[in-house]
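Each reported figure results from applying straightforward, stated rules to the coordinates on display, with no laboratory input. The model shown is predicted, which means the values in this text are computed figures rather than measured ones. Cβ placement follows ideal geometry from the backbone for every residue including glycine, while neighbour counts extend to all protein chains displayed.
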Amino acid sequence: MPTTHDIHAYLLEHSPWVNRENTVDGCKNGDPMREVRQAGVAWFGSLDTMKKAHAEGCDLLIVHEPIFWEHSAEEKNWRVIEPGVAKQQFLDDSGLVVLRAHDSWDNWPGIGIRDSWAAGLGLTKRIKEGTVWNLHGMYEIAPQSLREFACFIARKIAPLGEDCVQVIGDPERIVSRPALGVGCIGPDKEMVESGADVMIVCYDGACYWAVRERLAEMGVAIITLEHGTTEMWGMENLCHHLAEAFSPTPFRYYAEHPRTWTVRTVDSSGTCRDLG
Ligand SMILES: [Fe+2]
């Protein structure tokens, strides 16, 4: 049986792009030398997901994002403040080991975060790589209106639990060169200058005036989604990959982080579609 240390070492060994001295990847709780009988894999380690994984026999949970809401190696600040106290208490009581696989899996070729995101959206023809390997990419699609492309994306992500996409740009504008990136590190200036005409970004990484309005002034359209939506296919692939690499140890995928949902008004009087 592998240990958490073995799984972490495997990921790092195959991630030459990760700076070992400055990475958020690593063990965030528990004993990394303990043998793993069953592991869970989740985009975000919410308390509910941790409880479920533990109840279902996982002694390790592999997550992509920080469990204590802080992008740092130690995640110190919230461990002593609620709701972090309750989370830490559960971790102490259960002994659940938590491993963060972020910097390694973001750029992993073919099945990592960026490439899984592109593949899930059906963007198969990559015509431009960003300077940082596997971080940003520009793709070719059949020319279509921004409205059509946004609908296409919305349909693709519906099975992931997000019920809408938000768009900036003329709905009738014709687009053919979407660009995307890795979670919060969305496509920006470099992809615009490379000829991209619609940027697929997430709310966490692309704040309105700092990023999206600026991109609009640069002349591109913008489609925005929730962060988790853009990384879930990648985490599912991580789960499958580790199950193969560490067979017969079982790996289970958990997709239970809280979802957003949307109420839309259908006219200027404020009638809500969901309420009729
Ligand atoms: Fe992320």
Open item on the list: Let me spell out the model: positive unit charges on the Cβ of Lys and Arg, negative unit charges on the Cβ of Asp and Glu, origin at the Cα centre of the chain. What dipole size does that give, in debye rounded to 20?
Closed with: 420
Task: Set of lysines near LYS52 by C-alpha distance (under 25 Å), chain-local residues within fewer than 8 positions excluded - done: LYS28, LYS76, LYS87
Task: Amide proton proximity set for VAL36, modelled H, under 5 Å, gap of 5+ - done: THR3, THR4
Task: Relative contact order computed over the chain (Cα-Cα under 8 Å; 6+ residues apart), in percent - done: 20
Task: Sorted by Cβ neighbour density within 10 Å, fewest at the top, the residues MET199, MET138 - done: MET138, MET199
Task: Packing-based exposure ordering (other Cβ within 10 Å, fewest first) of HIS136, HIS240, HIS8 - done: HIS240, HIS8, HIS136
- [ ] Excluding residues fewer than 8 places away in the same chain, name every one of the lysines whose C-alpha is closer than 23 Å to that of LYS125.
- [x] LYS156, LYS189
TODO: Show me 140-153, 178-191 ranked by packing, highest mean number of other Cβ atoms within 10 Å first.
DONE: 178-191, 140-153
Task: Likely footprinting exposure, TRP17, TRP78, TRP209, fewest C-beta neighbours within 10 Å first - done: TRP209, TRP17, TRP78
Task: Size of charge dipole - the stretch 1-65 - debye, nearest 20, with Cβ of Lys, Arg +1 and Asp, Glu -1, no other charges - done: 140
Task: Proximal charge balance of GLU148 [Cβ under 12 Å; K/R count +1, D/E count -1] - done: +2
- [ ] Output the relative contact order of the stretch 106-224, whole-number percent, from Cα pairs under 8 angstrom with separation of 6+ residues.
- [x] 24
Open item on the list: At a 10 angstrom cut-off on C-beta neighbours, averaged per residue, how do the peptides 210-217, 122-129 rank from highest to lowest?
Closed with: 210-217, 122-129
